[in-house]
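Shown next, in C-alpha cells, is the structure this report addresses.
Nothing in this text is a laboratory measurement; each read-out follows from the coordinates by a stated rule. Model, not experiment: these values are computed from the prediction.
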Amino acid sequence: MKGAAGMNSVKVILTLIPFIWTIGMIPFVNRVKPFVLGLPFLAFWLIAGIVVAFLCISALYRLDKNKNDSEI
C-alpha cells in the first residue's frame, strides 16, 4: 500500500509543477532583463513552462497503470 501512496504523491507533484511554474513564480520572474535567446525573461519563462508542462504530462502518461495502448 505504501508504494501506491508514494506513486499518488508523485502524480500530484507532477500535476502541480506546471501550475506553480506558471502562476506561482510570476512575481519572481516578472522582469524584462535579462534577455534569454533574444526574448524578455518573462516570455522565455512562459515558453519554458510549456516545455515543462509537456514533460510532466508525458511522465504522468507513462506512470498511468490504467492506460491501454490502444487509447493513443
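If the segment from residue 36 to residue 59 were pulled out straight at 0.36 nm per residue, it would be longer than the present Cα-Cα gap by 5.6 nm.
Based on the Kirkwood radius over alpha-carbon pairs, what is the Stokes-Einstein translational diffusion coefficient of segment 2-66 at 4 °C with 1.567 mPa s viscosity, in µm²/s? D = 98 µm²/s.
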